[in-house]
Every structure is written in structure tokens, then in C-alpha cells.
2 protein chains.
Amino acid sequence: MSNPEVVELPVLQDGDVVPCCPPITAGELSTADAQKMAAMFKALSDPVRLRLFSKVASHPGGEACVCDIADVGVSQPTVSHHLKKLREAGLLTSERRGTWVYYQVAPSVVAAMSAMLDLRS
Amino acid sequence: MSNPEVVELPVLQDGDVVPCCPPITAGELSTADAQKMAAMFKALSDPVRLRLFSKVASHPGGEACVCDIADVGVSQPTVSHHLKKLREAGLLTSERRGTWVYYQVAPSVVAAMSAMLDLRS
DNA sequence: TCCTTGTTTCGATGCCTGTCGATACCTCGG
DNA sequence: CCGAGGTATCGACAGGCATCGAAACAAGGA
């Protein structure tokens, strides 16, 4: 925390539209696009993160309190660590309302990933 | 009959319907489903693998010789290693035809991943 | 104010994985 | 049968990451 000049990662912010990358069949991926896409998929490449994400996504309104989803078989700090990863990847956004923190899905990012996997040609 | 060197995978074969997992919004993922899904996403969580996959997918017929796609900036053993990972995840299948080995995309698996990311709510 | 509950950060540890060079394997042409 | 070129495996190393307990931070109530 002693470095105030740390450059923020080019991660995605709440509300951003994310075109990101073309469908995989459109042609060879550039190195830069491949890195961006890989970061997104990596965020979902862990079973715990996948369960956390699905718990948020399956909640009414695509939103859930940490206290509602924290039971995934790992310690609470680990849950927080994974939620942070999902936030940094732009898949979830968080908002504190009083005592509790609520997480919401970021639909555009997920839609972008889905589009990239669309193999229709 | 021409049933030569079939590379057997304990995983998914081209043409198989892949029930695997429900859409993420359908409810909480079971531990088992989460592990299966995470393995698929993990296969695409590396930039090199993503580029290899896109090179195969963007080739006519969704098929390409290793010699056509091996130029991704890493050594030949590393390319082979990544292709093996993609094979083990069920995303690619391989077939030796004479001197060269051809890789094809396994459309159903990719479609399954895409379906899981479908967030229409 | 102090205490309780919810959440995040910190520091350490052990496993997993991407990468390479060397080498073995497979197929074809001579 | 042998050599050459394409592909896969092996062994080793370095960096990354999931996980935990402890501690710090935030908000509300007594």
C-alpha cells in the first residue's frame, strides 16, 4: 500500500459496454485480445468462483449479499478473495448497503464471453 | 474400415450431446458441475491456448494442421503441451493423417460453454 | 463509548502450471 | 532399411495461485 502511483489494471468498470473481442471463428486472435479473453475465462476457471458466480446470477435480480452466498465450502477470507477476483475481471460489481455488501452480475461482460464462444459461421 | 488411430479421450466426443451443466442462472451449481465447468473454462484461460483454439476454429472446416497453427510465440513442445490440454478438456479432437496431425474443434462442447453463459433473465 | 457482526486485507505455505531443451516417437521418401 | 521432417513426451525450473489463520476495517446497536 506504499505505492500511490500504482496504475489500475485495464479492468472493466460497472456500466461499461464491453465489445472486447470478435467471435473466435472470425480469425486468429491477436496477442492483446487473447490476453483480455484469457483473463475473463480464468476468472471462471475455478470451481469456487463458478459457484459464487452462479449463486449471484441465480438470485432474483442477479444480486446477492455475501452472507447469502458465502457457503461454498471454503473459509470466509477465501470467499472474499474469489469475489475480488471476479470483481477485477469485471464479471461482478459490488456495492455496500449498510452492514452488508451486495454483488451483482455484469451482464455485458458475460454476454461478450458468450459471443466469443458462438461458433456459428 | 478406416478406423485408424483414433485418439481416445475419456472426455467428450464430437457429436455428443453435452448435458454437463445447466445455465448459470438456473440455480446454484453443484460441486461436481462446478468442477466440470471450471475445467472447460480453465482450458481457455491461457492466451496461448486461446490463440491456438482460434486458429483452428477460424480455419475452413474448423480443422487445421499443427504446422499451420504452431506459430504462437512459444516453443514447439509448449505448443504440443497446450494442444494436449485442449484435447483433454474436450475442446479439440486430433487425428493423424500421414505425416501431419490435424486438430478439429468439438462444437458441442463449446456450445455447452456458451449456453452456460447465457444470462437472459 | 464499547461490543458484536459482517467483510476485507495481510502474510505464509504448498500445490499447480507454463515454459524450455533434450529426446523419443511416427511417417514417408529414397 | 535408413535418413529427414513433423509431433509428442520427459525432466527441470520458475512463477502464479488457492488456501488458511490472524488481524484490520466498517457499520450498527446497547
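The values are calculated or read from the model by the stated rules, or taken from the named source; none is laboratory data. Everything quoted here is computed from the prediction, not taken from an experiment. All Cβ positions, glycine included, derive from the backbone under ideal geometry; neighbour counts span all protein chains shown. Remember, those area values only see protein heavy atoms, side chains included, never the ligands or the DNA or RNA. Shrake-Rupley method; radii C 1.70, N 1.55, O 1.52, S 1.80 Å.
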Among (1) open to solvent by less than 40 Å² (accessible area, probe 1.4 Å); (2) closer than 14 Å to B:S45 by Cβ, where does A:K36 come up short?
-> (1)
Scan the range B:71-84 and report the pairs whose first residue is free of Cβ contacts under 8 Å to residues at least 24 places away in the same chain and over 17 Å from B:L44 (Cβ atoms) and whose second residue is among the hydrophobic types (A, V, I, L, M, F, W, C) and not in a helix (DSSP H, G or I), with Cβ atoms within less than 8 Å and a gap of 6+ or a chain change.
-> B:Q76/B:A70
Could you list, in sequence order, the residues of the range B:85-102 that are of a type outside the set (A, V, I, L, M) and in contact with a strand residue (DSSP E or B) (Cβ under 9 Å, 6 or more places away or on another chain)?
-> B:R87, B:T93, B:S94, B:E95, B:R96, B:R97, B:W100, B:Y102
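Taking A:K42, is it part of a helix (DSSP H, G or I), surrounded by 18 or more Cβ atoms within 10 Å (Cβ to Cβ), modelled with pLDDT of 95 or more and within 16 Å of DNA strand D (Cβ to nearest atom)?
yes
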Return a yes/no flag: does the range A:103-112 have any residue that is more than 8 Å from chain B (Cβ to nearest Cβ), of a type in the set (A, V, I, L, M, F, W, C) and in contact with a strand residue (DSSP E or B) (Cβ under 6 Å, 6 or more places away or on another chain).
-> yes
Any residue at all in the range A:50-57 that is at pLDDT 95 or above, in contact with a Gly (Cβ under 8 Å, 6 or more places away or on another chain) and near DNA strand D (Cβ under 8 Å from one of its atoms)?
-> no
Looking only at the range B:1-21, which residues are more than 13 Å from B:V109 (Cα to Cα) and either modelled with pLDDT of 50 or more or of a type in the set (A, V, I, L, M, F, W, C) (or both)?
-> B:M1, B:V6, B:V7, B:L9
